[in-house]
């Protein structure tokens, strides 16, 4: 998730908030945050200090370079609203009955956010389907879905995998940040194919509304009303959804899937309490990993040994 972009939109709203200008503030926020952001690249320097970033690059760059050198299959499907969605498919080294469908964060793409974790899953013997969410990467879309719309796209990817491999692949859903919220929300579908066996959600928010509200208060000392209420009306009209249309809290109470929740203890953007709250609400088998010294979306890079050990043990228990 690109923190500077989101903050920039809220800052613009803050400058004009108050009285009748609240409408202008809400429009500014919407225009900066919800439409597709092809010109923006995720800058992890804004999610960790420079010393941490230099260390993280030693993990990220080799993994991404290795992944891009592989013979990836480029796959497209159609969303329920007729967008062309893209993903890269990396089969396991030897034939496998397990596959991970990986979802990235805000304004990023699958190859940016999910390269390192995909290399890890590949070493575990999993196929990897690395998704570009709607309005990101090579997928079509005018508006970002913040999990609310993306859960339907994730369901289409699940159906694709289930049909292509005739139900013989055990599916794990993985997501980080907005992708984490996406896979948790997807878990709440009552008609989810039984090929889906587990979920790993890294630094997922509860609802987009909660994230925006948190940043407005923390960084700009602004109340949510009326900017968020107006902005939500605009989003519903233009993008077709509201920020509180669905919640990860609702989803985790209505799924039987085992879920591994992961969050950095130093995450000030999507606060750690969101994963803690998701974990508390979850009624299915569950585990919570809180990573010391990890900022937003940085848990894997901060302590990949602990991350991999926890994920591998979790998956071995349920697959």
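Values quoted throughout were computed directly from the atomic coordinates according to the rules given, and no laboratory measurement underlies them. Please read these numbers as outputs of a predicted model, since none were measured by experiment. Every residue, glycine as well, gets a Cβ built from its backbone with ideal geometry; the counts of neighbours run over all protein chains shown.
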Subject >> Computed over the stretch 114-175, the ratio Rg/Rh where both radii use C-alpha atoms and Rh is Kirkwood >> reply: 0.99
**OP:** Please report 295, 22 as a ranked list, fewest other C-beta atoms within 10 angstrom at the top and most at the bottom.
**Re:** 22, 295
Original post:
Relative contact order of the chain: what whole-number percent is it, with Cα pairs under 8 angstrom and at least 6 residues apart?
Top reply: 16 percent
**OP:** Any chance you could check the Cα centroid distance between the stretch 118-169 and the stretch 203-234 for me, in angstrom?
**Re:** 27 Å
**OP:** Restricting things to alpha carbons, tell me how big the chain is in terms of Rg and Dmax, in Å.
**Re:** 18.5, 63
Subject >> Reciprocal mean inverse distance between Cα atoms of the stretch 182-263 - Kirkwood radius, Å >> reply: 14.2 Å
Original post:
How far is helix 3-16 tilted, in degrees, relative to the longest principal axis of the Cα atoms in the chain, given as a value from 0 to 90 rounded to the nearest 10?
Top reply: 10 degrees
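If you count, for each residue, the other Cβ atoms within 10 Å and average over each peptide, how do 71-81, 89-99, 128-138, 302-312 line up from highest to lowest? Please list the in-between numbers first.
Values: 71-81: 13.2, 89-99: 14.8, 128-138: 25.4, 302-312: 16.9.
My ranking of the peptides, most packed first, is 128-138, 302-312, 89-99, 71-81.
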**OP:** Starting from the Cα gyration tensor of the stretch 50-187, take the square roots of the eigenvalues, sort them a ≥ b ≥ c, and report rounded, prolate or oblate (rounded when a/c is under 1.5, otherwise prolate if a/b is larger than b/c, else oblate).
**Re:** oblate
Subject >> Neighbour-count order for 210, 202, fewest beta carbons within 10 angstrom listed first >> reply: 210, 202
**OP:** Nearest 5 is fine: what % of DSSP beta bridges in the chain come out antiparallel, could you say?
**Re:** 30 percent
Original post:
Taking neighbour Cβ counts within 10 Å as the exposure measure, how do 206, 84 sort from fewest upward?
Top reply: 84, 206
Original post:
What's the Kirkwood radius of the stretch 214-302 in Å, using all Cα pairs?
Top reply: 15.0 Å
**OP:** Rounded to the nearest 10 degrees, what's the angle between the helix 150-164 long axis and the longest principal axis of the chain, both from Cα atoms, 0 to 90?
**Re:** 20 degrees
Original post:
Kirkwood Rh, Cα Rg: Rg to Rh for the stretch 46-105?
Top reply: 1.08
**OP:** Could you tell me how many degrees, from 0 to 90 and to the nearest 10, lie between the Cα long axis of helix 22-33 and the main elongation axis, the longest principal axis, of the Cα atoms of the chain?
**Re:** 20 degrees
**OP:** Provide the convex hull volume over Cα atoms per residue for the stretch 121-264, in Å³.
**Re:** 131 Å³
